[in-house]
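Data first, discussion second: the structure below is written as structure tokens.
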Amino acid sequence: MTLQQRVLALFLTLLLLVLAITMVTVSQATYSHTMDRAKEQMVYARRIFQDKLQTRQKALDESARTLASEEALRQAIFADAGDRESILVALNNHRHRTSADLSFLVDLDGTVIADTADAKRQGRPFPFPELLNEEPTPTEMHVLALDGRAYQMVAVPYYVPVSAPQPSFWLILGKALDDGTARDLRDLMGVEVSVLASSAAHPDAAVLASSLGPLERGALAHAARPRGDTVELVELVGGDYLAATAPLSPGPDGGFVAVLLRPTAAALLDFRKLSGRFLIIGLAAALLAIVSAVLFSRGVTRPIRGLEEAAQRIAAGDYAAELPLEAGGEVGRLAREFAAMQRAVREREEAIQHLAFHDDLTGLPNRIHFQRALARHIELAREQHGRLAVLVLDLDRFKDINDALGHHVGDRLLMEVAGRLCRAAGDGPVDVARLGGDEFAMLLPVRALGEAREAVDAVQSTVSGAVEIEDLRVDLQASVGVSLYPDHGADPATLLKQAEVAMYVAKGRRLGAVFYESSQDRHSIERLSLVGDLRRAVEDDTLSLRFQPQMELTTGRVDAVEVLLRWNHPRLGEVSPAEFIPIAEQTGLIRDLTAWVLRRAVEQVAAWHRQGLAVVVAVNLSALDLHDPDLPGRIRELLDRNCVAAESLVLEVTESGVMAEPETARRLLDELNAMGVAISIDDFGTGYSSLSQLKRLPVQELKVDKSFVLEMERSADVRQIVRSTIEMAHSLGLRVVAEGVESVEALESLRGMGCDIVQGYYLSEPIAVAEATSWLRAAADRREARTLDAT
């Protein structure tokens, strides 16, 4: 053998040995890295799965709490108290709104009142008493099996009334974890999903839901599963799988777990491709070594070693490791494939992070991201002794827009608001987020309260205004609540809560923007309590009426009274109508109040008529009553039932209430007027009606507001306003009633101006029914005596 042959043989031997070692090392590192990444992907999949279920759990809890706080459900339940079929229908209707699959209404003793899944359970003990916790935790996972299916369930206390210290019922909502849910999660995460129930009494688990085929599903029930947080290999009918378990909730003798599976064949697909390429590299290297050992050794050994080192760093989790991409040939392609895999894994992790902390629709950060940013800004402001303003914005009438124009228009509107907020933020250190629904948040570093007010005004001005979507012009307005650091709190949760409290105050009072005050929390509690007490007062018939006589100036006749509502609260005493009427209007209780007043007033008119007193009563209507299409029918039925002529009833409406929706109000007033009911414009002069609008309404009477009557004796300008109002009303053929007459001078002035009717403390204060009866009878006797004297 020649030296050249020996050199070539020695070099080839060494080269082949080096190649073999390199290939084995890279192959092992690649295999280890591939398996580790596959296991990490299973861990990520488990995290996404748990986050998804937590999101479902929170959404279910929020739906249950929202449902428990809705007055509509409470009315539906207690309007048909004892009628389980009606309660079941109401509960089922509200369940559909929350997209829940089942719902229960359970008594405090654990008895099922209503069950939308199985009516046979009504009247029986609730199958999951452990779910009824006096202090439920929204984040606690509850997965339970019912009728062979797995459900996520939440239970929230149901308070009746809302101010009660203890709950009256339990409201339970459940969302199914079935095969469809498992398949949806598989499509999202790329792994097979199964939900199992295990029992200490049975070695095999029951598969409640799965995305697997029938054979694999059956084998899974008998297979050993990983314990704890580990990812292990399991063998099923279809082959080997990487398996990870996610505990869902414990049971009395076992529990519920989710098993996530991924075939090892899919996980090792890239490794097998790489192994084939490694083999090609080795054969090519051996052939090239015969021709040029030196060039081969220099061209292959160095990049392979670099690739090996990079692979080891990647296997250790260093995704920033640089690969030897400058090499050519098979080694270069291998390095580029490695780099592509590295980028794909990194991009998937970044995508997962983005989904976890951003809103899908608007692309803005979500509540979690905003709270983290707020925590960082609080720490920075604490170090620099700075201040922060936290804004929570809620769009006015967004639900009406969504219902009327469709969710696609609502989504476009939300994206427009997000864009406006980002433009308002500009390039400054401002964070913008969508908290959920039509609620947004902004974080503004400020130096002083004045600067905060200017910033809030600027944000509200930017957000408000018309938006044109699909040839539709939508008027956009937002209610803003503001809290300040460190004035109102020192942690993200407190500042957000207080900003939301202020926002609800702004929304309820239509103030646009409101800065948080500590009194607002107490006000909300008192307001909720007052609403419940007022509702009970209507139901228990504990309200009362007062009557204020009205006198014709030309004849001195007193045959009309205005009806005024009074409420003597058992704890607070006399509550002013100016306090409880706006609350009733805001909560929708005003219609019940109006119905109560109309019923009692018409019944009293009927009683007076039976006593020989021909009395006309005037009853005030709220602006919301003018939007009730059933009001004329109820009044007609009430008059017929009590045998009272429609001419004995006058309905007083404010000009501001009529002008808010003039066409709707006109149609309803036309229908009432056609029945013979007289219509009176109350508090005239304090609103914004025009003469042309007033002429179009079926009105017979105009009432001058008492603020003008009280002031006219001290101001010639006001006296001229009253005179002009009386003359204008007479020119339209209307009679005029002046309120607030408290002196003989005021009465005589009004008589000289030609006023038709007066009422006020000079004649009589509002009086109870017995005193009003005596007052009216005495007035009728005096009128009869004057008639006899005249004859």
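The values are calculated or read from the model by the stated rules, or taken from the named source; none is laboratory data. Only a predicted model underlies this, so the values are computations on that prediction, with no experimental measurement involved. Cβ: placed from backbone, ideal geometry, glycine included. Neighbour counts: every protein chain shown. Side chains included, ligands, DNA and RNA excluded: accessible areas come from the protein's heavy atoms. Shrake-Rupley method; radii C 1.70, N 1.55, O 1.52, S 1.80 Å.
Report note on the peptides 92-100, 386-394, 39-47: ranked by the mean count of other C-beta atoms within 10 Å, highest first, their order is 386-394, 39-47, 92-100. The stretch between residue 361 and residue 670, if pulled fully straight at 0.36 nm per residue, gains 106.6 nm over its current Cα-Cα span. Go through 52/273; 52/120; 120/175 and tell me which ones have a Cα-Cα distance over 24 Å in this structure. Flagged as over cut-off: 52/273; 52/120. Any idea what the relative contact order of the stretch 523-620 is, in percent, if you count C-alpha pairs under 8 Å spaced at least 6 apart? Relative CO of the stretch 523-620 lands at 27 percent. Computed from phi, the 3J(HN,Hα) profile of the stretch 23-29 under the Karplus parametrisation 6.51, -1.76, 1.60 (θ = phi - 60°) reads 5, 5, 4, 5, 4, 5, 5 Hz, with x in place of Gly and Pro.
Over all other residues within a Cβ to Cβ distance under 10 Å of residue 217, the charged ones net out to -3, with Lys and Arg as +1 and Asp and Glu as -1.
Rounded, prolate or oblate, given the Cα gyration tensor of the stretch 359-419, with a/c below 1.5 counting as rounded? Taking the square roots of the gyration eigenvalues as a ≥ b ≥ c, the stretch 359-419 is prolate. Extending 7 Å from the Cα toward the beta-carbon at both residue 168 and residue 641 defines two label points whose distance is 2.4 nm. Using 0.36 nm per residue and subtracting the Cα-Cα separation, the extra length available between residue 237 and residue 472 on full extension is 78.7 nm. Rounded to 0.05, the FRET efficiency of the residue 552 and residue 75 pair, given R0 = 41 Å and the Cβ-Cβ distance, is 0.40. Straight-line cross-link reach from residue 497 at under 19 Å between alpha-carbon atoms covers these lysines, not counting any fewer than eight positions away in the same chain: 58, 507. Taking a ≥ b ≥ c as the square roots of the eigenvalues of the alpha carbon gyration tensor, the stretch 657-783 is oblate, as a/c is not under 1.5 and a/b does not beat b/c.
Summing charges over neighbours of residue 492, with a neighbour being any other residue whose Cβ is under 12 Å away from its Cβ, gives +1 when K and R count +1 and D and E count -1.
Straight-line cross-link reach from residue 703 at under 29 Å between alpha-carbon atoms covers these lysines, not counting any fewer than eight positions away in the same chain: 695. Largest first, the residues 717, 541, 471 sort by 1.4 Å accessible area into 471, 717, 541.
Based on the reciprocal of the average 1/r between different C-alpha atoms, the Kirkwood radius for the stretch 723-791 equals 13.9 Å. Length available on full extension from residue 716 to residue 614: 0.36 nm per residue minus the Cα-Cα distance, which gives 32.9 nm. Near residue 101: Cβ cut-off under 11 Å, other residues only, Lys/Arg at +1 and Asp/Glu at -1. The net charge is +2. Based on the alpha-carbon gyration tensor of the stretch 526-673 and its eigenvalue square roots a ≥ b ≥ c, which shape applies: rounded if a/c is under 1.5, prolate if not and a/b is larger than b/c, or oblate? Oblate is the answer for the stretch 526-673, as a/c is 1.5 or above yet b/c matches or exceeds a/b.
In this calculation the C-beta distance from residue 109 to residue 566 is compared with R0 = 56 Å, giving a FRET efficiency of 0.90.
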